[in-house]
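Report on one structure; see the data block that follows.
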């Protein structure tokens, strides 16, 4: 258990400022395959969401990677890592989910109102 807590603390402190926001301020990034044009098979998606619900209920809620500027092209389309997608440059009062769509859906199904997030490095700078 001690090792688990030490690893979790290390994860939270590795160049990421984690803070909590209202789950309703998180928007799916449609360009990443979620939102209106969600393209994952529903059974597969539901299974992943249920898996994330179990993780969250057991106390393991990995922070969601977000940006507060609309991604203009997806990182997947450009072959880039998460967080490297070019942004609009205009800071918005809500957050676009870059990585963690299933965790957000799991949190909503569990009735969680505040979720842990961190801004992508490009947004922090």
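The values are calculated or read from the model by the stated rules, or taken from the named source; none is laboratory data. The structure displayed is predicted, hence computed values, not measured ones. Virtual Cβ from ideal backbone geometry, glycine too; neighbours counted across all protein chains shown.
For this structure, a couple of remarks:
- Check on residue 61, surrounded by 14 or more Cβ atoms within 10 Å (Cβ to Cβ) and at pLDDT 90 or above: yes
- Unmet criterion (only one of (1) loosely packed, with under 12 Cβ neighbours inside 10 Å; (2) at pLDDT 80 or above; (3) part of a loop (DSSP other than H, G, I, E, B)) for residue 54: (3)
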